[in-house]
1. Test PHE38 against the criterion of being surrounded by fewer than 10 Cβ atoms within 10 Å (Cβ to Cβ) and free of Cβ contacts under 8 Å to residues at least 24 places away in the same chain, and give yes or no.
2. Take PHE36 and tell me if it is modelled with pLDDT under 90, within 26 Å of LEU119 (Cβ to Cβ) and of a type in the set (Phe, Trp, Tyr).
3. Exactly one of (1) outside the structural domain of GLN131 (by TED's automatic domain parsing); (2) more than 17 Å from the chain's Cα centre (by Cα); (3) part of a helix (DSSP H, G or I) is unmet by GLY11. Its number?
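The values are calculated or read from the model by the stated rules, or taken from the named source; none is laboratory data. Because the structure is predicted, anything quoted here is derived from the model rather than measured. Using ideal geometry, Cβ is built from the backbone for each residue, glycine included, and neighbour counts are taken over all protein chains shown.
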Amino acid sequence: MKKITVICLAGFFAGVVCLLLSGILPLAEFPAQLLFGFGIALMILGFSNLLSQLIVSKTETEETVKVKRVEENDERNIRIRERAGFRTSQVILGVLCVCALSSAFANFELYVTLLFVGLILLHGILSVGFQMYYEKRI
């Protein structure tokens, strides 16, 4: 059995265990719902990845794998992925700023506004951290 198949099955069964524990354990309402949500997410992700592995493995040949590897390592495609990731990061940052400002002006609970502000700060810290990491690496 392939390693990825084992990982997909492990994720699926971890989801089943989380679902069972959320119903069996005498937890408060919030932890039980959180465990239930994680269980559903793990089951769906594990099952969908398992299905995609079964479908992809039937359609892949040595030639298609070789072409795919060349396309992944092509400098133009690498640059396109980098630019798309950067642009996505900018859009997400803008959305977070709008959400933070609108939640502040709409008098939402303080923790909601602070959550958005924390995500904005996390974005900035991660940007600086990754930039320093890649400056040393490259």
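1. Values: surrounded by fewer than 10 Cβ atoms within 10 Å (Cβ to Cβ): no; free of Cβ contacts under 8 Å to residues at least 24 places away in the same chain: yes.
Taking the combined requirement at face value, the residue does not satisfy it.
2. Details: modelled with pLDDT under 90: yes; within 26 Å of LEU119 (Cβ to Cβ): yes; of a type in the set (Phe, Trp, Tyr): yes.
So PHE36 passes the test.
3. All conditions pass for GLY11, except number (2).
Table: residues versus (1) under 21 Å from the mean Cα position of the chain (by Cα); (2) more than 30 Å from LYS3 (Cα to Cα); (3) at pLDDT below 90.
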| residue | (1), (2), (3) |
| --- | --- |
| LYS66 | no, no, yes |
| ILE78 | yes, no, yes |
| LEU96 | yes, yes, no |
| GLN131 | yes, yes, yes |
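Every residue, every condition in (1) touching a Ser or Thr at 6+ places or on another chain (Cβ under 9 Å); (2) assigned by TED's automatic domain parsing to the domain that holds ILE7, yes or no:
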| site | (1), (2) |
| --- | --- |
| GLU29 | no, yes |
| GLN33 | yes, yes |
| ILE55 | no, yes |
| ARG83 | no, no |
| ARG87 | no, no |
| VAL95 | no, no |
